[in-house]
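S.K.: Could you have a look at this structure, given as structure tokens, before my questions?
Coordinate-derived values only; no laboratory data. In this text, all values refer to a predicted model and were calculated from it rather than measured experimentally. Note that we place each Cβ from the backbone using ideal geometry, even for glycine, and neighbour counts take in every protein chain shown.
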Amino acid sequence: MSVATGSMDTETARRILTQVPYSSRFTVGALVPPVGLRQSNVRSLGELELVLRPEPASLAGLNVDRLAAWIETEVGDPAGAAAVREVARAASSYAAACEAIHRLIRERVASARLLIESAG
Amino acid sequence: MTLYGYAGKILRLDLTNRRFSEVATEKYQAWGGGHGLGAALFWDFCKDKTITDGRHPANVCILATSPLNGTPVPSGGGRCEVLGVGVGMYPVSWFTRSGFGGRFSTMLKHAGWDAIVIEGKASSPVWVDIRNDKVEIRDAAALWGKDTWETQHAIREFMGAPGGVDNAWWDLNPTAADALDPARDMGRTTQKPAVLTIGPAGENQTAAGCLLHDAGNGAGQGGFGAVWGSKNLKAISVVGTGEVRVADPKALLRARHVTQQKYVTSITQPDFASWSKIGNVPRPLFMNPPPTTERRPQACQGCISGCRARFAVGYGNESTCQETNWYLPAVRRVAKSMEELAEINLRAADVIQRYGHNSFLFQTGLHWLEYLYEEGILGPGKAIPSNLPWETYGTLEFAEKLIHALSHREDIGADLADGWVQAAYKWGRGDDLRTGHLQNSYWGMPEHGYDPRAELEWGYGSILGDRDINEHCFNIIFTNVTAAFAFAKPMRLEARELVEIISEKLIPYATNRPEVLDFADANMYSEDVARLVLWHRHYTRFYKQSALFCDLRWPDFYNTNTPDNRGATASDDAGEHIFWNAVTGEGISFAEGIERGRRIWNLDNAIWTLQGRHRDMVHFAPYVYETRFEKGELFPFYMWPCRDEQGEWHYKDLMGRKLDKDKFDEFKTIFYRMEGWDVATGWPTRKLLASLDLDEVADALEAAGRLGVERS
């Protein structure tokens, strides 16, 4: 069992694919030369996956600890949050952490979709 | 006498009487070109310099080229400067500037004109048809209501110019007799006319109105589309078959060759640590994924960078930077894939270009509108009534409806048309400027991606001037250093080495004074930083906005392609002044260019003073003083070279701080004293103006009771 599918039941999968209320949004940024720091926010892991997708001339901006807390409490995915903390701790740099988190979130969203589809 | 680099004459358009006349450029040569030329023309031809709304009939709008336009100066030949009193700034719309790239300025030079002065107001919509020396002010009834792209197509069709990418010769003369004029190479060309136009946002005189040229070259800030709309001016088309005479072609080509051989990174080897280097284009300046890899680079005329693109899919062409980002945060709400995200996002870029609407207002504004809607403040039957389909936020359909409403003064567009900060106060949302929900930090304009609490030269320069400066000279330090930290890579240059190299080029005010780059808490209101801001204001006023070197490529302070890491700026082999001298034959030093910038900047301040500026007005929006630049929210760190208590240089994180209002006020006193302005008012003094050969300006200020006083 991969970390992406670990501890996921249909209820968790539904939460992963659901948009949280606006008041529970998570603020993210991006370093985009020459424009600088770009502000944004996300309300679901699906949006987060799009934000984190590696780009050759920009870099996502986020606070990993706050992200993990948001996934745990607002999205309602403690296992995902633990996995985020784990891959971030193992990464050699902030950028490497972003890439690892992106892979994790992408797989987790895909797993959630599969689970919901198979559950009918 | 030959004026090398100049066409030799300026076109003066009197829209009220539908006449035009010529002014000799020679009188204005000392101002250089671009902003300097335009500010001097504004001073001479604007009869009421107290106006504070660009839509006033007395406003004069100027389009000004540089001697470098139409020459092969690397990334220095394709920009055009726009000047006049702006629209929608807060609390006052200052005499301000904008600029755009593409082909317009070079075509204007080839047609024989250095600048266009637009005065008065036509009684009904008109457009201006310039074909070499022939100028016609034509009826624009059939164009009014068209978007920016439709307008350009219609004008090309009217003129018989080939469309698409055909390279057929065509005759730009309206009659066969005209075509026999031997002075102009028979008036035949393969070039399409270069058209600058407004869309619905400008026609309806909204502060968001842009001037747009080709698919995506826009002058957004300042609301110059609204200025044109107020004058009933829909478009200016120009096509020319002349030439630009260069004083020393051999020196020009030598410097260009040096640039290529010595300073440019290979275009095929993108380098994370050299984003801003001349010629280094990691990819088009998109802020989001492009729709396809099948694309061609597209550049302003003469540019070696090609920071834009044209795509095989046929949308998103020529948009770059902010236009490709204005709707991105919303699209993520609905996109199910990167492909869908890219398509909606770039089609939204096309929408905003066609309406001629300034995309930059959404940098902070889109988040604010979403916040108001989601908090139940804005929407059907809410405190801020809006019947837009907010539940479809993020779709292309919503983007079109939003931009349509804002461009036509419909729905919330009725209030936003006069400026976003003005709308905030009208809606009783002034506190949003205190909390930071609306981050329009200087003169009612959106904060750029460089927070004024960290990127001091950007914030201070903007509030001490007239607008968000949008000058990327120094923030390459932040982006490169921060990126290196993000990737845990060793810095190519240690902090001390970096600031020493840069300060070598801060001639003449801060030469070899690296402390001017120290943005640490202990130094952020110092004379050091004031000295940096001083250099920056003067450098950009001449080299960037008058000589029109492209902001995204110049200056080149440090360059890791060279053995000693020194960039081209101020160098003796390919510095800015080397190119200027090769084209004009003038022989100025780099420092003399800075001095020209000082003169131009001070003329600007004299105009702001006549408009009513006083130092007490020069303050940021409240959130800059009252809230912190929150650490880790937008990025984990904001790295910048700073000295520690022992005077040792380190890269330090600047996040987590706010500006102190009283200390910033003290900083203004230091800055004003350095400029020679009255420290009590910020007004220029006679002594200063006389030293700049601006006695006539001092006389005007004295007559208005706004001449600064010398204080000990």
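S.K.: Kindly write out, for the range B:483-493 in residue order, the coupling ³J(HN,Hα) from the Karplus curve 6.51 cos²θ - 1.76 cosθ + 1.60 (θ = phi - 60°), rounded to whole Hz, with x marking Gly and Pro.
M.R.: Going residue by residue, I get 5, 4, 5, 4, 8, 6, 9, x, 5, 5, 10 Hz, with x marking Gly and Pro.
S.K.: Could you tell me which residue out of B:ASN317, B:THR392, B:ILE594 lies farthest along the dipole of the protein assembly as shown toward its positive end? Charges go on the beta carbon: Lys and Arg +1, Asp and Glu -1, centred on the Cα centre.
M.R.: Sorting the options by dipole projection puts first B:ASN317.
S.K.: For the protein assembly as shown, with the dipole built from +1 on Lys and Arg beta-carbon atoms and -1 on Asp and Glu ones, taken about the Cα centre, which of B:CYS300, B:GLY612, B:THR364 lies farthest toward the positive end?
M.R.: Checking the options against the dipole of the protein assembly as shown, the answer is B:CYS300.
S.K.: Now for a different question. Work out the mean other chain Cβ neighbour count within 10 Å for the residues of A:38-49 and drop it here as an integer. The partial results should precede the final answer.
M.R.: On the way: counts 10, 9, 8, 6, 3, 3, 2, 0, 5, 8, 1, 3.
Across the residues of A:38-49, the mean count of other-chain Cβ atoms within 10 Å is 5.
S.K.: From a point 7 Å beyond the Cα of B:LYS661 in the direction of its Cβ, which residues of the range B:609-624 have a backbone N at a distance under 16 Å?
M.R.: B:615-624
S.K.: Report, in deg cm²/dmol and to the nearest 500, the calculated mean residue ellipticity at 222 nm for chain A, where each DSSP H run with n ≥ 4 adds -39500 (n - 2.57) and the sum is divided by the residue count. Mind showing how you got there, number by number?
M.R.: On the way: 5 runs with 61 residues, N = 120.
Rounded to the nearest 500, the figure is -16000 deg cm²/dmol.
S.K.: In whole Hz, what ³J(HN,Hα) sequence does the range B:510-516 give by Karplus (6.51, -1.76, 1.60; θ = phi - 60°), x for Gly and Pro?
M.R.: 9, 4, 6, 10, x, 4, 5
S.K.: In which sequence would B:CYS210, B:CYS303, B:CYS642 go, from the one with the fewest C-beta neighbours within 10 Å to the one with the most?
M.R.: Fewest-to-most Cβ neighbours within 10 Å comes out as B:CYS642, B:CYS303, B:CYS210.
S.K.: Which pairs break 21 Å Cα to Cα here: B:LYS489/B:LYS652; B:LYS663/B:LYS687; B:LYS47/B:LYS231; B:LYS9/B:LYS109?
M.R.: B:LYS663/B:LYS687
S.K.: Oh, and also: What does the charge add up to near A:SER93, with Lys and Arg as +1, Asp and Glu as -1, over the other residues with Cβ less than 10 Å from its Cβ?
M.R.: On the way: positive: B:LYS489; negative: A:GLU99.
Cβ neighbours under 10 Å give a net charge of 0.
S.K.: Rounded to two decimal places and with Rh computed the Kirkwood way over Cα pairs, what is Rg over Rh for the range B:456-675?
M.R.: Here the Rg-to-Rh quotient is 0.96.
S.K.: If you don't mind, there's one more thing I want to ask. Using Cβ contacts closer than 10 Å as the measure, can you line up A:LEU37, B:LEU108, B:LEU552 from fewest to most?
M.R.: B:LEU552, A:LEU37, B:LEU108
S.K.: Also: What number, rounded to the nearest 500 deg cm²/dmol, is the helix-based mean residue ellipticity at 222 nm of chain B, given -39500 (n - 2.57) per DSSP H run of at least four residues and division by all its residues? Numbers along the way, then the final one.
M.R.: Working: 24 runs with 228 residues, N = 712.
Calculated from helices alone, the mean residue ellipticity at 222 nm is -9000 deg cm²/dmol.
S.K.: I would also like to ask the following. So who's got an amide H within less than 5 Å of the one on B:VAL128, skipping anything under 5 residues away but keeping other chains? H placed 1.01 Å off N, in plane.
M.R.: B:ARG138, B:ALA235, B:ILE236, B:SER237
S.K.: Same structure again: With no solvent and one equal point scatterer placed on each C-alpha of chain B, evaluate the Debye formula and give log10 I(q)/I(0) for q = 0.10 Å⁻¹, two decimals.
M.R.: Once normalised to I(0) and log-transformed, intensities are -0.98.
S.K.: Also: Peptides B:430-443, B:447-460, B:243-256: what's the order by average Cβ count within 10 Å, highest mean first?
M.R.: B:447-460, B:430-443, B:243-256
S.K.: For the range B:296-387, which GluC sites (Glu not before Pro) are both in a DSSP coil and crowded by at most 15 other Cβ atoms within 10 Å? It would help to have the intermediate numbers written out before the result.
M.R.: Details: sites: B:GLU318, B:GLU323, B:GLU339, B:GLU340, B:GLU343, B:GLU370, B:GLU374, B:GLU375; in loops: B:GLU318, B:GLU375.
Counting only loop positions with at most 15 other Cβ atoms within 10 Å, the GluC sites (Glu not before Pro) in the range B:296-387 are B:GLU375.
S.K.: Sort B:TRP127, B:TRP169, B:TRP144, B:TRP677 so the one with the fewest other Cβ atoms within 10 Å of its own Cβ comes first. Working shown, then result.
M.R.: Numbers: B:TRP127 25, B:TRP169 11, B:TRP144 18, B:TRP677 22.
Starting with the residue having the fewest Cβ neighbours, the order is B:TRP169, B:TRP144, B:TRP677, B:TRP127.
S.K.: Can you list residues from other chains, or at least 5 along the same chain, whose modelled amide H is less than 5 Å from the amide H of B:ARG453?
M.R.: It is none; the list stays empty.
S.K.: Could you give the C-alpha radius of gyration of the protein assembly as shown expressed as a fraction of 2.2 N^0.38 Å, taking N as the number of residues it contains?
M.R.: Working: Rg = 26.4 Å, N = 832, 2.2 N^0.38 = 28.3 Å.
Ratio of Rg to 2.2 N^0.38 Å for the protein assembly as shown: 0.93.
S.K.: Something else now. Shielding by partners for B:119-125, please: the mean number of other protein chain Cβ atoms within 10 Å of each residue's Cβ.
M.R.: The per-residue average across the peptide is 0.
S.K.: Count charges around B:ALA251 for me, please; just the other residues with Cβ under 13 Å from its Cβ, Lys/Arg as +1, Asp/Glu as -1.
M.R.: Spelling it out: positives minus negatives among the neighbours equals -1.
S.K.: Two decimals is fine: what's Rg over Rh for the range B:268-422, C-alpha atoms, Kirkwood radius as Rh?
M.R.: The Rg/Rh ratio comes out at 1.03.
S.K.: Amide H of B:THR189 versus every other amide H placed in the peptide plane: which residues, excluding those fewer than 5 positions away on the same chain, fall under 5 Å?
M.R.: When sequence neighbours closer than 5 places are left aside, the close amide H contacts are B:TRP170, B:LEU172.
S.K.: Are there trypsin sites (Lys or Arg not before Pro) in the range B:6-101 that DSSP marks as loop and that have at most 13 other Cβ atoms within 10 Å, and which are they? Don't skip to the end; give the middle numbers.
M.R.: On the way: sites: B:LYS9, B:ARG12, B:ARG18, B:ARG19, B:LYS27, B:LYS47, B:LYS49, B:ARG55, B:ARG79, B:ARG97; in loops: B:ARG18, B:LYS47, B:LYS49, B:ARG55, B:ARG79.
Here the trypsin sites (Lys or Arg not before Pro) that fit, given the DSSP loop and packing criteria, are B:LYS47.
S.K.: Using only atoms on other chains, find how many Cβ atoms lie within 10 Å of each Cβ of peptide B:472-483 and report the average.
M.R.: Neighbouring Cβ atoms belonging to other protein chains average 3 per residue here.
S.K.: Residues with beta-carbon under 14 Å from that of B:ASP48, excluding B:ASP48: net charge, scoring Lys, Arg +1 and Asp, Glu -1?
M.R.: Values: positive: B:LYS47, B:LYS49, B:ARG55, B:LYS121; negative: B:ASP44, B:ASP53, B:GLU119.
Result for the local shell: +1.
S.K.: Please list 3J(HN,Hα) in residue order for the range B:411-420, calculated via the Karplus relation 6.51 cos²θ - 1.76 cosθ + 1.60 where θ = phi - 60°; whole Hz, with x for glycine and proline.
M.R.: Each residue's phi maps through the Karplus curve to give 6, 5, x, 5, 8, 6, 4, 9, x, 6 Hz.
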